[in-house]
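What follows is one structure encoded as structure tokens, with my remarks underneath.
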Amino acid sequence: MALWGGRFAQGPEDSVFALSRSVHFDWRLAPYDLRSSMAHLAILKKSGLITSKDAEVIHKALKELTQEVSAGSFTAIETDEDVHSALERGLTEKLGAVGGALRAGRSRNDQVTTDLRLFSIDHMLEIAALLTAMQTAILEKASEYINDPAPGFTHIQHAQPVSFGHELAKHAHAFARDLDRINDWLARTSVSSLGAGALSGSSLALEPAFTAKNLGFESTFANSIDAVSDRDYVAEALFIFAMIGNHLSRIGEEWTIWSSQEFAWAKVADAYSTGSSIMPQKKNPDMAELARGKSGRLVGNLMSVLTMLKGLPFAYNRDLQEDKEPLFDSIDTLLLVLPAVTGMIKTTDFDREKMALAAPTGFSLATEIADYLAKKKVPFAQAHEAAGKCVAICEETDRQLHQLTDEEFATIHPELDGGVREVLTVHGALNSRTTSGGTAPTLVAQQIKEALQANLKTQQEIASKHKAFSEMMSA
Ligand code: ARG
């Protein structure tokens with residue numbers, strides 16, 4: 001059903017209707033559209049623009065439609081243009097002309113962005129909950145490996161030994177920033193646009209703040225033109241999703257490398273691996289690869305919306321209809337990827353012995369020699385030079401740093417003596433990294449404990465926000 005037509009002598013060409021039509025993707029806004037219609041109905045009734053009797057029958061019909069939409073017994077048909085027109089058809093089929101009463105003081109322009117804000121908040125909270133579950137999995141896995149040394153890398157070359165628990169836990173901190181961003185985003189997105197009308201507000205006695213409160217929004221638009229044009233929250237959500245995808249892709253990369261035959265550190269559970277159709281021996285880390293690969297479309301969706309918004313005139317332009325599919329796709333992608341990656345992390349075991357054996361190789365303890373000299377007030381550039389010489393001699397003579405003799409140490413630098421051997425062990429190196437946030441296992445244990453506490457707090461906050469949102473939706 002079209003929501004316009006009075007001034008047209010002809011209906012749209014098939015190709016025009018086909019290009020305009022959005023109901024095949026925006027149908028998922030239906031529950032939010034129905035709920036925001038209830039809020040709009042409440043203000044029309046409060047200001048006497050609809051009789052109590054009409055308001056009652058419309059409310060009842062909206063409730064019924066909500067049931068039917070959720071049961072799948074009311075759906076869009078070929079001739080519906082978008083979710084708003086499909087639902088108005090549903091109302092008029094039930095109520096006749098009264099079904100069109102809700103259009104007073106409301107345009108699809110303020111309606112669609114209100115629906116999309118509600119949809120985004122609901123799904124952002126779902127994603128946030130999945131993110132915290134992933135953080136828990138990471139931190140719990142990390143706590144199993146606090147006392148296990150492994151080589152730490154820069155340039156994928158052995159750099160300095162680290163606690164493998166520290167290495168795993170870092171991912172939880174990246175996701176903590178995503179959760180922070182989500183929290184900021186929620187405040188900026190929880191703004192109602194209803195009452196902005198097509199672009200200029202309304203001459204009817206609407207109360208945007210009343211409607212906002214009814215829908216659980218924290219605030220109301222300040223400028224009606226901005227209200228119908230603003231899609232910052234879509235772009236920002238897509239940035240958050242792209243960043244999450246970026247973080248997932250780095251986990252994917254690590255898991256892929258760590259489960260290669262060359263590393264053989266990670267043993268991914270069978271249930272989270274896949275096989276090859278031709279090579280019977282293969283066990284591939286496809287979940288890790290998809291975590292890495294899917295990040296491409298998450299970045300792409302952000303680019304798509306930013307490009308669509310660039311230079312767009314205010315207020316509503318039909319270009320804005322292009323905000324939905326990228327947003328939906330990013331949400332659907334994360335809803336698929338997050339549980340699979342969380343499961344993969346939970347069920348991966350690491351080869352402690354192999355990592356510990358690798359930890360001191362590649363002269364990863366050379367910094368200890370430089371630090372030893374720096375503690376004796378040798379200027380660091382000199383200390384670094386001396387440690388470099390130790391590495392060069394060891395490389396030439398095929399020895400490890402602790403195997404250099406006292407005489408050799410003394411020739412390299414007068415301040416260098418046999419005492420340095422005490423720090424030339426992996427455990428010595430790890431335990432000495434006691435600057436806050438460092439890799440000393442006692443600190444790592446504390447960091448993980450604190451991160452788990454923060455994780456629990458975030459989990460509770462998200463659950464309570466989501467509960468309040470669900471209660472608003474079913475009110
Ligand atoms: N379906 C449109 C969208 O998703 C909303 C309709 C607004 N259309 C209009 N001609 N003002 O953006």
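The values are calculated or read from the model by the stated rules, or taken from the named source; none is laboratory data. Bear in mind the structure is a predicted one, so any value in this text is a computation, not a measurement. Glycine also receives a Cβ, built like all others from the backbone with ideal geometry; neighbour counts cover every protein chain displayed.
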Self-check item: Residue list for the range 71-85, restricted to those being assigned to a helix (DSSP H, G or I) and touching a helix residue (DSSP H, G or I) at 6+ places or on another chain (Cβ under 7 Å)
Solution: 83, 84
Quiz prompt | Any chance residue 95 is more than 16 Å from the ligand (Cβ to nearest atom), in a helix (DSSP H, G or I) and either out of contact with any strand residue (DSSP E or B) (no Cβ under 8 Å at 6 or more places or on another chain) or of a type in the set (D, E, K, R) (or both) | solution = yes
Quiz item: Which of (1) modelled with pLDDT of 95 or more; (2) within 30 Å of residue 145 (Cβ to Cβ); (3) buried (at least 16 other Cβ atoms within 10 Å of the Cβ) is the odd one out, the single condition residue 465 does not satisfy?
Solution: (2)
Practice problem: Return yes or no: is residue 328 buried (at least 21 other Cβ atoms within 10 Å of the Cβ) and at pLDDT 95 or above? | Solution: no
Quiz item: Looking only at residues in the range 391-411 that are assigned to a loop (DSSP other than H, G, I, E, B) and within 49 Å of the chain's Cα centre (by Cα), which one is surrounded by the fewest Cβ atoms within 10 Å (Cβ to Cβ)?
Solution: 398
Practice problem: Considering only the range 69-85, state which residues are farther than 19 Å from residue 18 by Cα and either within 16 Å of the ligand (Cβ to nearest atom) or aliphatic (A, V, I, L, M) (or both). | Solution: 69, 71
Practice problem: Those residues that are surrounded by fewer than 22 Cβ atoms within 10 Å (Cβ to Cβ) and closer than 27 Å to residue 199 by Cβ, I need them from the range 77-87; list them, please. | Solution: 81, 85
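One line per residue, one yes/no per condition, for (1) within 13 Å of the ligand (Cβ to nearest atom); (2) in contact (Cβ under 8 Å) with a residue 60 or more places away in the chain; (3) in a helix (DSSP H, G or I); (4) over 31 Å from the mean Cα position of the chain (by Cα):
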| residue | (1), (2), (3), (4) |
| --- | --- |
| 3 | yes, yes, no, yes |
| 6 | no, no, no, yes |
| 10 | no, no, no, yes |
| 17 | yes, yes, yes, yes |
| 35 | no, yes, yes, no |
| 41 | no, yes, yes, yes |
Quiz item: Restricting to helices (runs of 4 or more DSSP H) lying wholly in the range 301-390: which have 2 or more residues that are more than 16 Å from the ligand (Cβ to nearest atom) and in contact with a Leu (Cβ under 6 Å, 6 or more places away or on another chain)?
Solution: 324-346
Quiz prompt | Residues of the range 214-234 classified as under 22 Å from residue 182 (Cβ atoms) and small (Gly, Ala, Ser), total | solution = 2
Practice problem: For the range 412-443, enumerate the residues that are touching a Phe, Trp or Tyr at 6+ places or on another chain (Cβ under 9 Å), touching a residue at least 24 places away in the same chain (Cβ under 8 Å) and not in a loop (DSSP other than H, G, I, E, B). | Solution: 419, 420, 423
Quiz item: Can you name the number of the only condition in (1) free of Cβ contacts under 8 Å to residues at least 60 places away in the same chain; (2) part of a helix (DSSP H, G or I); (3) surrounded by fewer than 17 Cβ atoms within 10 Å (Cβ to Cβ) that residue 153 fails?
Solution: (2)
Quiz item: Is it true that some residue in the range 131-143 is outside any helix (DSSP H, G or I), touching a helix residue (DSSP H, G or I) at 6+ places or on another chain (Cβ under 9 Å), among the hydrophobic types (A, V, I, L, M, F, W, C) and more than 22 Å from residue 190 (Cβ to Cβ)?
Solution: no
Quiz item: Counting just the residues of the range 41-75 that are among the β-branched types (Val, Ile, Thr) and closer than 21 Å to residue 194 by Cα, which one comes out surrounded by the fewest Cβ atoms within 10 Å (Cβ to Cβ)?
Solution: 51
Practice problem: Taking residue 124 as meeting all but one of (1) more than 14 Å from the ligand (Cβ to nearest atom); (2) surrounded by fewer than 21 Cβ atoms within 10 Å (Cβ to Cβ), write down the number of the exception. | Solution: (2)
Practice problem: Could you please give the count of residues in the range 118-158 that are among the acidic types (Asp, Glu) and in contact with a Phe, Trp or Tyr (Cβ under 7 Å, 6 or more places away or on another chain)? | Solution: 2
Quiz item: of a type in the set (Val, Ile, Thr), within 16 Å of the ligand (Cβ to nearest atom), assigned to a helix (DSSP H, G or I) and modelled with pLDDT of 95 or more, is that true of residue 114?
Solution: yes
Exercise. Go through 102, 65 for me and flag whichever is within 16 Å of the ligand (Cβ to nearest atom) and either closer than 22 Å to residue 49 by Cβ or aromatic (Phe, Trp, Tyr) (or both).
Key: 102
Quiz item: How about the range 334-347: which of its residues are crowded, with 21+ Cβ neighbours inside 10 Å and in contact with a Lys or Arg (Cβ under 9 Å, 6 or more places away or on another chain)?
Solution: 334, 337, 345
Quiz item: Residue check: is residue 88 within 16 Å of the ligand (Cβ to nearest atom), over 30 Å from the mean Cα position of the chain (by Cα) and part of a helix (DSSP H, G or I)?
Solution: yes
